[in-house]
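Chemist: Structure incoming, see below.
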Amino acid sequence: MFTRNFKLILITNVILSTAMPMLVLLGALAGAALSPVAYAATIPPSVQILAAVLAAAPMSLYMGRVGRKKGFVLAAVLLAAGGLLGVFAMILQHFILLCIAHFVMGAAFVGINFLRFAAAEVVPRRWTSNAISYTLASGLIAAFIGPEVFSATKDMLPSGAYAGAYAAIAVLGSFGIFPILALRGLPPVPKGRAVAGRAYALFLRPKIAIAVAGAAVSQAVMALLMTPTALAMVG
């Protein structure tokens, strides 16, 4: 099960996913530092979630056309670029630029989330569910590392509050490219069966409708709990 490609995917997931808990802390805190009005503080993380919604289908189609590897490279590049935009936003004290940075990073995490599917594709079929589970579990490592990296880097650059943490995200995105480039012989992205009729007809199927509704509600609850938490912690 633990093939070379699978190990590289796990390493990639830990590196790139470390940015997610950092962004949970950064989004509202940086937004509060730059927003012209208090109620706009949560706009950056909200924009990040919106980007994930808008980028999901294009990222999937892109990977289907050029392959998983190039898709993951794109995701890592977007994460690094978003981190750099965040650095400049904090240095220049530019709220709109901060929102753009979070939009770019939100799109990046769509690609990062596809790592679990790549993991399932590089192991024998009997280990598919285990591969997905291990990949998701590797995110727990990132969940512990991320806040520590945030604490160590948030004041690293004196030119702007939290700029150091955004710089750390840019570094994570850059380093995440290396294990991706080391992947060899990834299988082509599986092609789904054609569905007769329009795409929305899928949602008329009870199992699909229930799955989508459950995912939407759980994501909404997660966003509701996580977005204001950092603000509540600092008062």
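Chemist: Is it the case that some residue within region 53-69 is within 26 Å of residue 144 (Cβ to Cβ) and part of a helix (DSSP H, G or I)?
Modeler: no
Chemist: Taking region 125-139, which residues are of a type in the set (A, V, I, L, M, F, W, C) and surrounded by 19 or more Cβ atoms within 10 Å (Cβ to Cβ)?
Modeler: 131
Chemist: Pairs only if they're at least six apart or on different chains, beta carbon under 6 angstrom, first in region 146-175 and in the same structural domain as residue 83 (by TED's automatic domain parsing) and at negative phi, second of a type in the set (Ser, Thr, Tyr) and in a helix (DSSP H, G or I); list them, first residue then second.
Modeler: Taking only residues 6 or more apart or on different chains, the pairs are 164/153; 165/153; 168/153.
Chemist: Among the residues of region 101-124, which ones are among the β-branched types (Val, Ile, Thr) and either closer than 19 Å to residue 169 by Cα or surrounded by fewer than 19 Cβ atoms within 10 Å (Cβ to Cβ) (or both)?
Modeler: Matches in region 101-124: 104, 110, 112.
Chemist: Now, a different point. In region 220-235, which residues are in contact (Cβ under 8 Å) with a residue 12 or more places away in the chain and either in a helix (DSSP H, G or I) or of a type in the set (Ser, Thr, Tyr) (or both)?
Modeler: 223, 226, 227, 229, 230, 231, 234
Chemist: Using the structure shown, decide if residue 87 is assigned to a helix (DSSP H, G or I), without any contact (Cβ under 8 Å) to a residue 12 or more places away in the chain and either out of contact with any strand residue (DSSP E or B) (no Cβ under 8 Å at 6 or more places or on another chain) or not aliphatic (A, V, I, L, M) (or both).
Modeler: no
Chemist: Let me ask something else about it. Would you confirm whether any residue within region 118-128 is touching a helix residue (DSSP H, G or I) at 6+ places or on another chain (Cβ under 8 Å) and more than 25 Å from residue 185 (Cβ to Cβ)?
Modeler: no
Chemist: Counting only residues that are under 17 Å from residue 66 (Cα atoms) and surrounded by fewer than 11 Cβ atoms within 10 Å (Cβ to Cβ), which one in region 172-199 is modelled with the lowest pLDDT?
Modeler: 192
Chemist: Out of curiosity, is residue 89 in the same structural domain as residue 160 (by TED's automatic domain parsing) and within 16 Å of the chain's Cα centre (by Cα)?
Modeler: no
Chemist: Considering every residue within region 88-100, establish whether at least one is crowded, with 24+ Cβ neighbours inside 10 Å and under 20 Å from residue 142 (Cα atoms).
Modeler: Looking for residues that are crowded, with 24+ Cβ neighbours inside 10 Å and under 20 Å from residue 142 (Cα atoms), one finds none in region 88-100, hence no.
Chemist: Only one of these conditions is not met by residue 131: (1) among the hydrophobic types (A, V, I, L, M, F, W, C); (2) in contact with an Asp or Glu (Cβ under 9 Å, 6 or more places away or on another chain); (3) within 30 Å of residue 37 (Cα to Cα). Which number is it?
Modeler: The number of the failed condition is (3).
Chemist: Next up: So is residue 15 at pLDDT below 95 and β-branched (Val, Ile, Thr) or not?
Modeler: no
The values are calculated or read from the model by the stated rules, or taken from the named source; none is laboratory data. As the structure is a computational prediction, the values presented were derived from the model and not from experiment. Neighbour counts are summed over all protein chains in view; Cβ atoms, including those assigned to glycine, are modelled from backbone coordinates with ideal geometry.
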